[in-house]
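Take a look at the structure below.
The values are calculated or read from the model by the stated rules, or taken from the named source; none is laboratory data. Predicted, not measured: the structure shown is a model, and the values here were computed from it. Here Cβ is always computed from backbone atoms with ideal geometry, including for glycine, and neighbour counts include all displayed protein chains. For accessibility, only protein heavy atoms count, side chains too; no ligands or nucleic acids. Shrake-Rupley method; radii C 1.70, N 1.55, O 1.52, S 1.80 Å.
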Amino acid sequence: MGAQLRVYKRRIRSVTATKKITKAMEMIAASRVVKAQRKVAASTPYAAELTRAVTAVGTGSNTQHPLTTQADTVVRSAVLLLTSDRGLAGAFNANAIKAAEQLTERLESEGKQVDTYIVGRRGLAHYNFRERKVAESWSGFTDEPTYADAKKVAAPLIEAIEKDTADGGVDEIHIVFTEFVSMMTQSALDDRLLPLSLDEVAETETSAATAAGATKGEILPLFDFEPSAEDVLDALLPRYVESRVYNALLQSAASKHAATRRAMKSATDNAGELIETLSRLANAARQAEITQEISEIVGGSAALADATAGSDR
């Protein structure tokens, strides 16, 4: 019985130590997600204004450019998947990978070749384990991405969209990331990065203008482009891709920290419940041990009394 009590005490110490670790990780993730939220809020206006500028150039000119013009026949597509370098984030990575695989299946069913680009060790490990080809990968900055990291990721994508498909280029670029909705909700989604859908953007801009009080029949401004619309698009292309990738990296980082916080809180709560259960079992084992010792003492005393009484006769 004493051995069983020692086992319970050892498990309680082990779970208590684990609870301290998960509680610390929960607090760290909570502090990081606040910083990540601020970065997302700071980067979103720039990305929105840049998208508006690209839309203005695309709708105000007839220039054929990979930024705004859909190829007649899409032969090859690029898919950029954003995951994390570390786990302990619940289903964060699994949901992003699942969304990327569903997108890949859909594109391949349409007869398109897919080149996969991956950010994060978790996504890369998933594809390597299944021996799937990866065009390029990056890691080491998913927790706190910078604009320099976004430029590094965007560079091969920009190069691929500018090439002809016969030379290894792509006709369109998709990005799969986890959108930060709230501390409790993060959604894995896929979005077409290039070419930019001008109709959807224009509809969004019209809705935003209407919400801001603009009249429905308001005349939109006219633009003159110098030196030309094509040169303007060439200059905006890398900025647009970099800003969108950077915003997606920040969204993914904030989502990862929120998922880690939620997972660590759940682990801490489960550890607390396990400690309570083990404590009850340890108390029961200790009470049983005490009862057994008392029984042995009473039995021994009774046997000794019987033996003494027998000798007196």
*asked:* Contact list please: Cβ distance under 7 Å, first residue in the stretch 16-44 and closer than 30 Å to residue 278 by Cβ and acidic (Asp, Glu), second residue open to solvent by 50 Å² or more (accessible area, probe 1.4 Å) and in a helix (DSSP H, G or I), pairs at least six apart or on different chains.
replied: 26/261; 26/265
_Of the conditions (1) open to solvent by less than 70 Å² (accessible area, probe 1.4 Å); (2) more than 30 Å from residue 261 (Cβ to Cβ), residue 124 satisfies every one except a single condition; which number is it?_
(2)
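Filter the stretch 130-145 for residues that are open to solvent by 60 Å² or more (accessible area, probe 1.4 Å) and either without any contact (Cβ under 8 Å) to a residue 24 or more places away in the chain or more than 18 Å from residue 242 (Cα to Cα) (or both) and give the result.
The initial filter retains those residues of the stretch 130-145 that are open to solvent by 60 Å² or more (accessible area, probe 1.4 Å), namely 130-133, 136, 144.
Within the stretch 130-145, 130, 131, 132, 133, 136 meet the criteria.
A quick yes/no check of all residues on (1) loosely packed, with under 14 Cβ neighbours inside 10 Å; (2) modelled with pLDDT under 85; (3) small (Gly, Ala, Ser); (4) outside any helix (DSSP H, G or I):
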{"site": "161", "(1), (2), (3), (4)": "no, no, no, no"}
{"site": "175", "(1), (2), (3), (4)": "no, no, no, yes"}
{"site": "182", "(1), (2), (3), (4)": "yes, yes, yes, yes"}
{"site": "190", "(1), (2), (3), (4)": "no, no, no, yes"}
{"site": "193", "(1), (2), (3), (4)": "no, no, no, yes"}
{"site": "206", "(1), (2), (3), (4)": "no, yes, no, no"}
{"site": "210", "(1), (2), (3), (4)": "yes, yes, no, no"}
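Among the listed residues 12, 21, which satisfies the condition of being modelled with pLDDT of 85 or more, farther than 17 Å from residue 143 by Cα and open to solvent by less than 50 Å² (accessible area, probe 1.4 Å)? Working first, answer last.
Numbers: 21 fails: open to solvent by less than 50 Å² (accessible area, probe 1.4 Å).
Answer to the selection: 12.
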*Quick one: would you say residue 100 is modelled with pLDDT of 90 or more and either surrounded by 18 or more Cβ atoms within 10 Å (Cβ to Cβ) or farther than 30 Å from residue 224 by Cβ (or both)?*
yes
